[in-house]
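Data block below; observations after.
The values are calculated or read from the model by the stated rules, or taken from the named source; none is laboratory data. Because the structure is a prediction, the values reported are computed rather than measured. Every residue, glycine among them, receives a Cβ derived from its backbone with ideal geometry; neighbour counts consider all protein chains shown.
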Amino acid sequence: MAEAWTEPLDSGPLPEDGSRFDVIVVGGGPGGSAAASYAALEGLRVLLLEKAVFPRDKTCGDAVGGKSLKHVAELGVKPMIEATPHFRVNGILFSSANGNEALIPLPEEEVENLEAGYSLPRLQFDYMMFKRARDLVLENNGVVIQDFTVTEVNVSGEGEGDEQRITGITGVIGGKRSGNDLMVFNAPLTVGASGYTCLVAKTITEVCYSEPMRDDVHYCGAYREYWTNVKGCEGSSGPIEIHFINEIIPGYFWIFPVGKNDDGQNIVNVGIGMVIDEMNKQTVKLRKLQEWVIKEHPKFKLRFADSELVDGSCKGFQLPFGSPRKNPPSFQPRRSAMAGAICIGDAASLVDPFSGEGIGNALVTAKMAIKHFDAEKHGDGLPLSAAHSYMDDLWETLGPELTNSFKLQGLVRKKRVMNWFIGKAGRKPEIQRALTDMIASKEAQGQFHSKWWMFKTLVF
């Protein structure tokens, strides 16, 4: 039976103003839905808040890798994905500016077991993650509210930083201009999961600790469109593509098939990503760059000759990278927790600096956040020690792969080095395996830690 993703989702009854919960989750995307689900599975009473109303689109590359699928399966969402149109990813095709190509196959066993990766519109994926979270939350006496805008993150305590604690949120149904009364909800743990502009993250970093939340060196600007009938994307499985083109470097151009529409036409997510401090140096906007690539670039114009742009699919967005900061004021990649609150996923700046993938790290930290909260011990609020423990755990788990990805991102900025690297990757299985682990494995890899491994693999 096909899984629906276009019908409005009923959230259930509303709570009374002033209600108290075990956990408040701000944001109903994959990370927030996963955090709410994991909390509900622990028997916690959860309040899940989402600003939009499902179904809703989320601008992204739409790939869901092996790291994500581990959690998707664990939460019972994988069968739902398989019952909707999708594209099975079995590899990643890289190309460099000089024409070198490297097809990085995903592990055969994982491909056969449907564990390697999928590509499908976030409209579908996020809907199914939220639907599952809704069901689990309601089953455990929790509450789900859509169309809810958080206007303030509530903080108690004198002084600043370590002397303060987040106690919950204030917000309104229907948005700030709705005229509806503000509502206050309290919990010993508030989880920030509403993306790179998350108010919980801003409150932790800028308001309570006077630390920077944003650094353009560690942010990516991106532009996405959907196209039909792109040549080379006809099947239901195959590789996703990442192309480093002269005119776009230090950014890249991607082609990610995501399945078929009702007319049987293949749908492809096509876009450009570039680090914002580099993007600001460009005289041509990403949208115009992409238009030129599709219409004029000799490698792609024939592939798009008979293609059609999907109306209303042109959108720009930003991604907060998890790359290590130089001389951070406190924790890497930035402060993401304090007494009473934890941030996850994009709200904690955890997007992979090389691949641009963020869902996997959002799901990893969603589970991690709930692991560090003990409802019995922390009834008066998540203590500062638990917040520190979470941030240490986060960087110990994700720091190595994020650091390695940041090193690879540096290659993108150097055309000659990138040409050479992709050429090497096309011939050397050792590099292919390492890249496979970095982009699609269930957990972090360690190969690129070794300078000796890097030297002998790349040079010889």
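Within the stretch 123-130, can one find any residue that is surrounded by fewer than 24 Cβ atoms within 10 Å (Cβ to Cβ), under 30 Å from Gly235 (Cα atoms) and among the aliphatic types (A, V, I, L, M)?
yes
Out of (1) at pLDDT 90 or above; (2) surrounded by 18 or more Cβ atoms within 10 Å (Cβ to Cβ); (3) under 28 Å from Gln265 (Cβ atoms), the odd one out for Val23 is which?
Only one criterion in (1) at pLDDT 90 or above; (2) surrounded by 18 or more Cβ atoms within 10 Å (Cβ to Cβ); (3) under 28 Å from Gln265 (Cβ atoms) is unmet by Val23, namely (3).
What number goes with the only condition from (1) more than 18 Å from Ala222 (Cβ to Cβ); (2) part of a loop (DSSP other than H, G, I, E, B) that Lys281 does not pass?
The failed condition is (1).
Could you check, for the stretch 132-146, whether at least one of its residues is over 26 Å from the mean Cα position of the chain (by Cα), over 25 Å from Met338 (Cα atoms), in a helix (DSSP H, G or I) and not polar (S, T, N, Q)?
For the stretch 132-146, residues over 26 Å from the mean Cα position of the chain (by Cα), over 25 Å from Met338 (Cα atoms), in a helix (DSSP H, G or I) and not polar (S, T, N, Q): present.
Scan the stretch 226-254 for residues that are crowded, with 22+ Cβ neighbours inside 10 Å and in a loop (DSSP other than H, G, I, E, B) and jot them down.
Answer for the stretch 226-254, where residues must be crowded, with 22+ Cβ neighbours inside 10 Å and in a loop (DSSP other than H, G, I, E, B): Val230, Cys233, Phe244, Ile248, Gly251.
Within the stretch 79-99, how many residues are farther than 24 Å from Tyr223 by Cα, of a type outside the set (S, T, N, Q) and either surrounded by fewer than 20 Cβ atoms within 10 Å (Cβ to Cβ) or more than 18 Å from the chain's Cα centre (by Cα) (or both)?
4
Give the residues of the stretch 254-288 that are of a type outside the set (Asp, Glu) and farther than 21 Å from Ala63 by Cβ, sorted by residue number.
Correct list: Gly264, Ile276, Met279, Asn280, Lys281, Gln282, Thr283, Val284, Lys285, Arg287, Lys288.
Determine whether Gln409 is closer than 24 Å to Asp62 by Cα and either modelled with pLDDT of 75 or more or touching a Leu at 6+ places or on another chain (Cβ under 6 Å) (or both). Full working, then the answer.
Working: closer than 24 Å to Asp62 by Cα: yes; either modelled with pLDDT of 75 or more or touching a Leu at 6+ places or on another chain (Cβ under 6 Å) (or both): yes.
Yes; evaluated as a whole, the condition is true for this residue.
Could you list, ordered by first residue, the pairs with Cβ atoms under 6 Å in which the first is in the stretch 389-410 and in contact (Cβ under 8 Å) with a residue 40 or more places away in the chain and the second is among the acidic types (Asp, Glu), at least 6 apart or interchain?
Final answer for the pair search is Ser405/Asp352.
Scan the stretch 44-72 residue by residue and report those that are surrounded by 24 or more Cβ atoms within 10 Å (Cβ to Cβ) and farther than 30 Å from Gly91 by Cβ.
Selection gives Val46, Leu47, Leu48, Leu49, Glu50.
Among the numbered criteria (1) under 21 Å from Phe354 (Cα atoms); (2) surrounded by 22 or more Cβ atoms within 10 Å (Cβ to Cβ), which one does Lys281 miss?
In the conditions (1) under 21 Å from Phe354 (Cα atoms); (2) surrounded by 22 or more Cβ atoms within 10 Å (Cβ to Cβ), Lys281 misses (2) alone.
Which members of the stretch 286-323 meet the condition of being touching a Gly at 6+ places or on another chain (Cβ under 9 Å) and either in a helix (DSSP H, G or I) or over 30 Å from Ser194 (Cα atoms) (or both)?
Selection gives Leu286, Arg287, Leu289, Gln290, Lys299, Arg303.
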